[in-house]
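To start, the structure itself, in structure tokens.
The values are calculated or read from the model by the stated rules, or taken from the named source; none is laboratory data. In this text, all values refer to a predicted model and were calculated from it rather than measured experimentally. So basically every Cβ, Gly included, is an ideal-geometry build from the backbone, and we count neighbours across all protein chains shown.
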Amino acid sequence: MWFTKSGRGVWRGAVSASAAACLAVTGFAAPASASSGTAPAGSPPSGQVTQLPSGNTTYRTLDDYERDMQTLVREHPKLVKPLTLPYPTSTGRLVRGIEISRDVRANDGKPVFVTVGMHHGNEWPSGELVMEYATDLVQRAARGDRYVSSLLNRARLVVVPIVNVDGFTRNRRQTDTNVDMNRNYGFGWLPISTGGAAPWSEPETRNIEWLLSTRQATTFVTQHTCIQVVLYPPLQLEVGPTQDVARFEDLATRMARRYGPNYIPRDSAHDYETTGEAIDWAYFATRGLAFTAETCPDSGVERTFQTQVVDAYAEHRLAMFEALEATADPDQHAVIEGRAPKGAVLRIAKSFNMYTQPYPQSDGTTRPTAFGTTLTSDLNVSRSNGKFSWAVNPSYRPVPPYQANGVQPNQTGFYREPWILTCERPDGTVLQRTAVNVNLGQKVKVDLRQCERNFRKKSH
């Protein structure tokens, strides 16, 4: 049951389920020990894999993806809950995902890892790898795997296997409006031929904006094919390195090493320059680490389901464990802690303007376009003693290279821009409001005694 609310390389797969079935692996047999056993606590499972966690031997259809996610929700309700993104596609299709964690329905403030597939609808292996990792985690947690259970006690995984549903159903790179959604994100946007009529013009792009704006995503990975790289911001050479380049290099290097010896970690601009991609906006809006992971068989190897999905999965799983470990690492996010009345809702928010690059406007000038960004998340206070510990992204936002007055390269600073925290009754009545500044790796304790006093008074 579903609930509403709570680009690079091109792979040309088959359009229909029957055509996709032609890519099924023949003569494919998995030993009885495949996907079984428990990893020792504190270390990831072995990289050796001979079949996928799902047991699939061919590509999923859209119905297959939705059925598989529904099955995980139904069979593991304490580990998995459904997610429907708010904006239907231009043809009216819904975009589905799942969340995975221990006691998944508790709004408990764990750090979040978001991973998505198929920004480009014909890059079918990207969706498969995302879905198989979700399946793997749930299966292992359900079996009592100590390593996976420990990670899911400390972090939450949000998975959307197909973000460009129309493109996937038609086996084309772009959306149904002929837009490359990974050129349509507003930050640094330019009116290129596939970038859309305006920044954020596509509902598919706005879905990811909503997803990352409403969750404190410590790590974000968008999965692609078909080269062997792990990429991070910036997208253009002239803007210079990001403020967190050392953190990006560290995690990208560890992920690339897991993928294989030929994988290269580097900033996206040195892969090739482009504009309006998810990872650029995600980092400069939230300061969460954002990556484009591109998988591909070695040169000369035929691209089949076997080589692009089955053979790639073991390494992909280990790379994703690196990302999930980083998400759970307290040095990679910030923490707001304190005591509030049991039953209260805590909310943090901030709003600010971001900018495209300068481009010719209808009035004859060449200038950037501004767009507003609002980040907001909430936490339910559930402990009887009222204590809470909330993993959030730092309030210190990196000064972006795209500004109201154009491109300002080589930024090194951060805006000291506090989270505005409110303590509320469940009906939304605000009882206390306070500003919270917290930097990377820091813990800040907030004093919510005013909320505690007011919470016990009867509302009128």
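Brief remarks on what is shown
- Test: residue in region 413-422 that is farther than 22 Å from G338 by Cα, surrounded by fewer than 12 Cβ atoms within 10 Å (Cβ to Cβ) and not assigned by TED's automatic domain parsing to the domain that holds W200: yes
- Out of S362, S299, sole residue that is in the same structural domain as G196 (by TED's automatic domain parsing), in a loop (DSSP other than H, G, I, E, B) and at pLDDT below 95: S299
- Where G338 falls short, out of the listed (1) outside the structural domain of D378 (by TED's automatic domain parsing); (2) in contact with a Gly (Cβ under 9 Å, 6 or more places away or on another chain): (1)
- Criterion: in contact with an Asp or Glu (Cβ under 7 Å, 6 or more places away or on another chain) and either of a type in the set (A, V, I, L, M, F, W, C) or over 26 Å from R383 (Cβ atoms) (or both) - qualifying residue of D180, D145, D176: D176
- All of L157, L137, L129 fail the test of being in contact with a helix residue (DSSP H, G or I) (Cβ under 9 Å, 6 or more places away or on another chain), assigned to a helix (DSSP H, G or I), closer than 29 Å to L379 by Cα and in the same structural domain as I227 (by TED's automatic domain parsing), apart from L137.
- Per the listing P234, P199, P265, P191, the residue uniquely surrounded by fewer than 24 Cβ atoms within 10 Å (Cβ to Cβ), out of contact with any Lys or Arg (no Cβ under 7 Å at 6 or more places or on another chain) and in a loop (DSSP other than H, G, I, E, B) is P191.
- Exactly one residue out of L94, L62 is touching a strand residue (DSSP E or B) at 6+ places or on another chain (Cβ under 8 Å), farther than 30 Å from A344 by Cβ, among the hydrophobic types (A, V, I, L, M, F, W, C) and surrounded by fewer than 23 Cβ atoms within 10 Å (Cβ to Cβ): that is L94.
- The residues listed here are G196, G188; of these, the one that is of a type outside the set (A, V, I, L, M) and either touching a strand residue (DSSP E or B) at 6+ places or on another chain (Cβ under 8 Å) or under 24 Å from T219 (Cβ atoms) (or both) is G188.
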